[in-house]
Amino acid sequence: MAEKRATREAYGEALVELGHEYPNLVVLEADLAKSTTTIKFKKEFPDRFFDCGVAEQNMMAMAAGLAATGKICYTGSFAIFATGRAFEQIRNTISYPRFNVKICPTHAGITVGADGASHQTFEDIALMRVIPGMTVISPADFYEAKKAIKKAAEIDGPVFVRLGRAAVPTIFDDSYEFVPGKAIKLQEGSDVTLFATGVMVEVCLQAASNLKEQGVNAEVFNISTIKPLDEKAIIESVMKTGRAVVAEEHSIIGGLGSAIAELLSSECPVPLARVGIRDLFGRSGEPEELMRYYGLTHIDISQAVKIIMDRSQRPK
Amino acid sequence: MRDLGSLRREKGAILRTQTIADEQILIEFLESKARRIRWDIIKMIGLARSGHPGGSLSAADIVATLYFHELRHKAEEPDWPERDRFVLSKGHAAPVLYAALAESGYIDREDLWTLRKIDSHLQGHPDMRKTPGVELSTGSLGMGFSASVGMALGLKIDRKESRVYVLLGDGESQEGIVWEASMFASQHGLDNLVGILDYNNMQIDGLVSEIVDIQPAAAKWTAFGWHVIEIDGHKFDEIMGAFKEARSVKSKPSMIIAKTVKGKGVSFMEGIVDFHGKAPSAEEMEKALAEIEASGPLG
């Protein structure tokens with residue numbers, strides 16, 4: 001049984017390590033320190049941790065002000081509130097002046113579970129991706145999350161790192177090196193490329209293994225950096241396979257599926273399917289039940305592969 | 001006035017002139033600076049044919065007092081680490097800031113006439129990455145105030161003596177983030193933070209008191225844990241006195257509630273809501289410039 005760890009657990013751990021490395025690093029939270037795990041940083045560096053209370057907009061604009069005095073500012077809260085409620089603070093006061101603020105909210109996607117629709121967001125990647133100069137990272141597991149959070153400190157400017165609540169299988173280990181902007185090929189294949197991000201990377205690996213038994217060789221990519229997108233690697237792969245399926249725990253509108261469809265439609269048009277939340281709000285349930293309910297399982301990916309293979313084999 | 005100007009130059013960066021015994025000379029000096037700022041505001045917006053004259057003119061005396069008396073800053077070193085920060089949270093009053101920056105020597109006066117033009121570094125709302133001396137990019141209301149709280153906190157963490165001055169609009173005070181930030185500032189005892197409320201009681205759609213009233217403003221800010229000072233925002237002795245009082249307040253941020261007149265200094269703009277965001281015509285511009293010139297020497 002593979003190890004399971006939530007990507008949010010990486011946040012507190014990474015912040016403590018960063019706190020020792022960067023004396024000018026401060027952390028702002030909006031009353032969710034236990035849930036986001038920023039409390040670990042608070043315990044280690046109480047003088048550099050500030051709880052803004054339930055005031056996400058103020059947290060984000062204050063982060064910009066702190067960055068104006070030379071601080072690297074990491075922020076907390078849940079993805080829906082950080083990127084949704086405080087969107088314009090991130091757009092106008094953090095990103096327009098290119099401030100060194102890191103937006104690493106937890107509880108993104110459907111795997112939030114029982115809290116339901118108000119606390120689940122499938123729009124956050126879309127919101128962050130459209131902001132000029134924003135780096136958008138969606139790690140696949142705990143280890144990648146930790147490396148990405150730490151790497152964000154080296155990027156001069158705003159960075160969004162998407163973290164989840166639920167414990168999910170790990171893919172990498174502590175020796176993994178995260179390179180921003182690089183697509184990671186996890187499995188070589190020739191018939192179709194599966195581009196996945198976040199928890200869907202592990203799901204795509206499962207799908208690829210099932211597809212293999214059915215005689216379909218799927219190439220699998222982890223696209224953890226959604227912006228800037230590794231265009232070269234993506235184009236090279238689909239030039240070879242001729243088909244693309246994109247999977248994400250996010251709306252099929254505006255996320256990784258859109259980013260890849262935008263790229264391939266102009267550079268290398270191929271049959272493409274997007275697996276994700278189909279323009280819906282969420283609901284309560286256990287994470288695994290919700291993944292089934294919203295069609296985010298390896299079976300859904302295999303079906304998407306079959307559909308585009310049938311389509312591409314149709315006579316012209 | 002000439003004496004004070006040379007004194008200011010001799011003192012270099014330290015523009016605070018409270019050691020000068022003759023307050024009347026100082027006030028005349030600040031009046032001339034404010035007149036120069038008003039003249040520049042009118043010409044800038046008149047030539048740009050768009051912009052916000054009303055709220056720029058109402059803040060001119062406050063901004064003149066900040067740049068030519070209160071703030072410790074160096075135009076030749078805009079990033080001087082020990083400087084005081086001024087944030088124009090009501091970013092639509094950009095012309096008052098640009099005029100003060102030009103008069104202080106951060107930017108060329110000739111640049112002012114390029115306001116809002118495609119090649120200009122002077123954007124419709126302040127952009128800190130384009131214009132030297134602009135501390136923060138503002139324009140979306142309420143955020144500059146919140147970011148100023150972050151700045152004041154950052155300076156406290158670094159144990160700097162620098163102070164943060166943030167100019168807030170009265171309509172802007174309707175933004176919820178202002179009150180989120182105000183609670184954080186008092187919670188953390190940010191006594192290096194001074195807010196100035198440019199209370200001209202007018203916003204785009206009409207009178208603040210008739211749209212969503214911010215009264216009782218003093219009681220609100222007091223209740224939110226701030227030291228409140230109420231002044232006439234066009235009387236230099238009161239403006240200087242308020243800044244001095246704020247400097248003496250410990251473990252609390254200060255809010256200076258400055259009663260002002262929208263369009264102050266140009267008779268046909270005073271108290272006219274339409275001049276919130278409407279440029280004067282060429283004819284109106286000439287008339288306004290002549291009126292300002294006739295009111296006394298330009299700094």
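Whether a residue is on the phi < 0 side of the Ramachandran plot and touching a Leu at 6+ places or on another chain (Cβ under 6 Å) was assessed, and A:Val220 passes this test. Only one entry of B:Glu70, B:Glu31 meets the criterion of being touching a residue at least 24 places away in the same chain (Cβ under 8 Å), acidic (Asp, Glu) and out of contact with any Leu (no Cβ under 9 Å at 6 or more places or on another chain), and that entry is B:Glu31. For first residues located in segment B:210-222 and over 30 Å from B:Ser251 (Cβ atoms), partners that are not basic (Lys, Arg) and lie 6+ apart or on another chain with Cβ distances below 7 Å form the pairs B:Ile211/B:Gln203; B:Ile211/B:Asp205; B:Val212/B:Gln174.
Just one of the listed residues (B:Lys250, B:Lys278, B:Lys264) is in contact with a Leu (Cβ under 8 Å, 6 or more places away or on another chain) and either in a loop (DSSP other than H, G, I, E, B) or modelled with pLDDT under 95 (or both), namely B:Lys264. The one condition from (1) touching a residue at least 12 places away in the same chain (Cβ under 8 Å); (2) over 16 Å from the mean Cα position of the chain (by Cα) that B:Arg129 does not meet is (1).
So, in segment A:90-115, of the ones that are surrounded by fewer than 24 Cβ atoms within 10 Å (Cβ to Cβ) and among the basic types (Lys, Arg), which residue ends up nearest to A:Glu154 (Cα to Cα)? Filtering first and then ranking leaves A:Arg98. From the list A:Phe160, A:Phe221, the lone residue that is in the same structural domain as A:Gly113 (by TED's automatic domain parsing) and out of contact with any Asp or Glu (no Cβ under 6 Å at 6 or more places or on another chain) is A:Phe160.
What number of residues within segment A:186-203 satisfy the criterion of being closer than 28 Å to A:Leu127 by Cβ and over 15 Å from the mean Cα position of the chain (by Cα)?
First pass over segment A:186-203, keeping only residues closer than 28 Å to A:Leu127 by Cβ: A:186, A:193-203.
Filter once more, so that each one left must be over 15 Å from the mean Cα position of the chain (by Cα): A:186, A:193-194.
Total satisfying the criteria: 3.
Within segment B:138-156, if we keep just the residues that are hydroxyl-bearing (Ser, Thr, Tyr) and surrounded by 24 or more Cβ atoms within 10 Å (Cβ to Cβ), the residue that is farthest from the other protein chains (Cβ to nearest Cβ) turns out to be B:Thr138. Exactly one residue out of B:Thr138, B:Thr114 is in contact with a Lys or Arg (Cβ under 8 Å, 6 or more places away or on another chain) and among the β-branched types (Val, Ile, Thr), and it is B:Thr138. In the set (1) surrounded by 21 or more Cβ atoms within 10 Å (Cβ to Cβ); (2) out of contact with any Pro (no Cβ under 7 Å at 6 or more places or on another chain), the condition left unmet by A:Glu44 is number (1). Counting only helices (runs of 4 or more DSSP H) that fall entirely inside segment B:57-164 and contain at least 3 residues that are of a type outside the set (A, V, I, L, M, F, W, C), the qualifying elements are B:94-104, B:143-157. Any residue that is in contact with a Pro (Cβ under 8 Å, 6 or more places away or on another chain), within 13 Å of chain A (Cβ to nearest Cβ) and in a helix (DSSP H, G or I) - is there at least one of those in segment B:188-205? Scanning segment B:188-205 turns up no residue that is in contact with a Pro (Cβ under 8 Å, 6 or more places away or on another chain), within 13 Å of chain A (Cβ to nearest Cβ) and in a helix (DSSP H, G or I). All of B:Val134, B:Val164 fail the test of being touching a strand residue (DSSP E or B) at 6+ places or on another chain (Cβ under 6 Å), touching a residue at least 24 places away in the same chain (Cβ under 8 Å), more than 8 Å from chain A (Cβ to nearest Cβ) and among the hydrophobic types (A, V, I, L, M, F, W, C), apart from B:Val164.
Listed conditions (1) surrounded by 18 or more Cβ atoms within 10 Å (Cβ to Cβ); (2) polar (S, T, N, Q); (3) within 14 Å of chain B (Cβ to nearest Cβ) are all met by A:Asn24, apart from (1). With respect to the conditions (1) touching a residue at least 60 places away in the same chain (Cβ under 8 Å); (2) under 18 Å from A:Met62 (Cβ atoms), A:Val101 falls short on a single one, namely (1).
The values are calculated or read from the model by the stated rules, or taken from the named source; none is laboratory data. Just so it is clear, the structure is predicted and the values come from calculations on it, not from any experiment. Here the Cβ is made from the backbone with ideal geometry for all residues, glycine too, and neighbour counts use every protein chain on show.
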